[in-house]
Amino acid sequence: MAKLAQTAGLTEIQQEILSTVRTFVDKEILPHATALEHADAYPQDIVDGMKEMGLFGLTVSEEFGGLGESLLTYALVVEQIARGWMSVSGVINTHFIVAHMIAHHGTDEQKQRYLPRMAAGEVRGSFSMSEPDLGSDVAAISTKAVADGDDFVIDGAKMWLTNGGTSNLTAVLVRTDEGAERAHQNLTCFLVDKPEGYGEVAPGLTVPGKIDKMGYKGVDTTELVFSGHRVPAAQILGDRRGGGFAQMMDGVEVGRVNVAARACGIAIRAFELAVEYAQQRKTFGKPIAQHQAIAFKLAEMATKVEAAHLMMVNAARMKDSGERFDVEAGMAKLLASEYCAEVTQESFRIHGGYGYSKEYEIERLMREAPFLLIGEGTSEIQKTIISRGLLKEYKLR
Ligand SMILES: Cc1cc2nc3c(=O)[nH]c(=O)nc-3n(C[C@H](O)[C@H](O)[C@H](O)COP(=O)(O)OP(=O)(O)OC[C@H]3O[C@@H](n4cnc5c(N)ncnc54)[C@H](O)[C@@H]3O)c2cc1C
């Protein structure tokens, strides 16, 4: 058989990109990931390497200096990177979402101003919907922007910004109260230019510091506090007041394929570690892989890796062909993240007591996998999206 998680029908360019990224992961990420993770250190050298490879512009169109690649290429690259270290994929994920939102919803001026510098990795994007009191219930956002001359004045607190300190452009969803009856139509997305760093980075704009997390280390996750911060009206994404919710959801939808891909990457790595360890470790006179209970675990893990990969690829291909794919993206995210947690847990068990030691890579994966159950919408929210789509499609006539 071929190795797990192969993808049929890739172009030569896609194969070339993936082979380059795989080599980069094996040489530049895997040997350093666990030490960097334990130190909670930002992987600057790795990020510089990704910049050199053009990964920040992978999906930005060639017109704006990017590589113009598809969501599928991006997702497969992310899967490889997450196999090395999931946090590294987190560095490019929010950037990719913001570039996608600007490319699909921005004004011509916004595209010209941001996309070439985003493709070069000079402008680095983060996105902010969540607040201390809400994550799933996005329409309940309370951070407010009020018009004042040619500017808007923003007040409120945002929570959980991945790359909140290291990005210099944040797409922020806030309430502008358009008088619409439906809550989500009163939300607007602003492109907030901000210096990198922590503390009061601009008048009325504070990044309090890194949130200390269970896993997903290295990459910074922060709060963002607005206190009378002024943003020009020209920074409204696509000049569409009240259109922010739909724009953000479009970004999050492609982000879901990305999270599925990250889950696939961790699951592949957890399987690789397990299948190697199971052939080395001996109990009762033979390698544990020869005990049927362990061999069956490997069989189930590999089947889950394969299923998750196929669903992720299917969702990406649907998006690339221009079809509606909210249900498929939700299914891929749900299945891949749940399977990732299960495969990682099984790999941990196969490692016996050593899996509990920080010297073994599986210890890191065990702390990384749970984030994928939460980010870009929890499993419960995916099931809400999937069931809503199904009930519409299968509505009684
Ligand atoms: C490390 C990290 C990085 C993040 N990065 C970002 C980022 O870059 N930008 C950003 O905007 N956000 C980010 N988030 C926030 C993330 O998107 C939210 O945490 C997530 O959407 C869940 O929201 P919540 O934490 O408020 O949970 P809640 O919405 O409070 O949910 C709590 C529980 O209730 C369940 N639940 C909620 N509503 C329902 C319902 N209707 N039916 C059934 N169950 C329900 C949920 O599934 C969950 O189990 C990040 C989070 C983490 C942990």
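Just so you know, all these numbers are worked out from the coordinates, no wet-lab data involved. Here the structure is a predicted model, which means the values were calculated and not measured. Glycine gets a Cβ as well: all are built from the backbone with ideal geometry, and neighbour counts include every protein chain shown.
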FRET efficiency for residue 39 and residue 393 from the Cβ-Cβ distance with R0 = 56 Å, rounded to 0.05, comes out at 0.70
Give the calculated FRET efficiency between residue 148 and residue 63 to the nearest 0.05, with a Förster radius of 45 Å applied to their Cβ-Cβ distance. 0.80
Considering the chain, what Rg and Dmax in Å follow from its alpha-carbon atoms? 21.3, 79
Select from 101, 310, 143 the residue farthest towards the positive end of the dipole of the chain; place +1 on Cβ of Lys and Arg, -1 on Cβ of Asp and Glu, and compute about the Cα centre. 310
For residue 290 and residue 180 in the same chain, what is the full-extension length gain: residue separation times 0.36 nm, less their Cα-Cα distance, in nm? 33.2 nm
Selected from 263, 160, 290, residue furthest toward positive end of dipole (the chain; charges at beta carbon): 290
Ranked by GNM mean-square fluctuation in the chain (Cα springs under 10 Å), the top entry among 260, 270, 180 is 180
For the range 246-392: rounded, prolate or oblate by the Cα gyration tensor [a/c cutoff 1.5]: prolate
Which is farthest toward the positive dipole end of the chain among 39, 348, 64, measuring Cα position about the Cα centre, with Cβ charges +1 (Lys, Arg) and -1 (Asp, Glu)? 348
Would you compute, for the Cα atoms of the range 101-158, the largest minus smallest coordinate along each principal axis and list the three values in descending order, in whole Å? 35, 31, 19
Please compare each pair in 51/213; 111/210; 27/286; 111/383; 27/111; 217/286 to a cut-off of 28 Å on the Cα-Cα distance and tell me which ones are over it. 111/210; 27/286; 111/383; 27/111; 217/286
Running a GNM on the chain with Cα contacts under 10 Å, which residue among 116, 203, 370 ends up with the highest mean-square fluctuation? 203
Which ordering of 309, 38 is given by a fewest-first count of other beta-carbon atoms within 10 Å? 38, 309
Residue span residue 272 to residue 240: 0.36 nm per residue of separation minus Cα-Cα distance leaves a gain in nm of 6.8 nm
Taking the chain as a Gaussian network, Cα atoms linked when under 10 Å apart, which of 33, 234, 103 shows the biggest mean-square fluctuation? 234
About the Cα centre, and with charges only on the beta carbon of Lys, Arg (+1) and Asp, Glu (-1), how big is the dipole of the range 1-98? Nearest 20 debye, please. 300 debye
Kindly work out what percent of the DSSP beta bridges joining two residues of the range 67-225 are antiparallel, to the nearest 5. 80 percent
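For the range 246-392, what is the relative contact order in percent, using Cα pairs closer than 8 Å and at least 6 residues apart in sequence? Provide the component values of the computation, followed by the final result.
Numbers: 175 pairs, mean separation 48.0, N = 147.
Over the range 246-392, the number comes to 33 percent.
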Among the lysines, which have Cα under 16 Å from the Cα of residue 194 when same-chain residues fewer than 8 positions away are ignored? 158
With 10 angstrom as the radius, rank 36, 4 by how many other C-beta atoms surround their C-beta, starting from the fewest. 4, 36
Kindly identify the range 104-256 as rounded, prolate or oblate by the Cα gyration tensor criterion: order the square roots of the eigenvalues as a ≥ b ≥ c, call it rounded if a/c is under 1.5, otherwise compare a/b with b/c, prolate if a/b is larger, else oblate. rounded
Got a sec? How would 273, 391 order by Cβ neighbour count within 10 Å, fewest to most? 391, 273
Taking 0.36 nm per residue of separation and subtracting the Cα-Cα distance, what length does fully extending residue 282 through residue 383 add? 32.2 nm
The chain: relative contact order from alpha carbon pairs under 8 Å, six or more residues apart, as a whole percent, is 17 percent
Total charge dipole magnitude, the range 125-241, about the Cα centre, Cβ charges on Lys, Arg, Asp, Glu only, Debye to nearest 20: 300 debye
Nothing charged except the Cβ atoms of Lys and Arg (+1) and of Asp and Glu (-1): what's the magnitude of the dipole of the chain about its Cα centre? Round to the nearest 20 debye. 1200 debye
Can you list, bin by bin at 5 Å, the percent of alpha carbon pairs in the range 1-120, starting at 0? 2, 11, 21, 22, 18, 14, 8, 4, 1, 0, 0
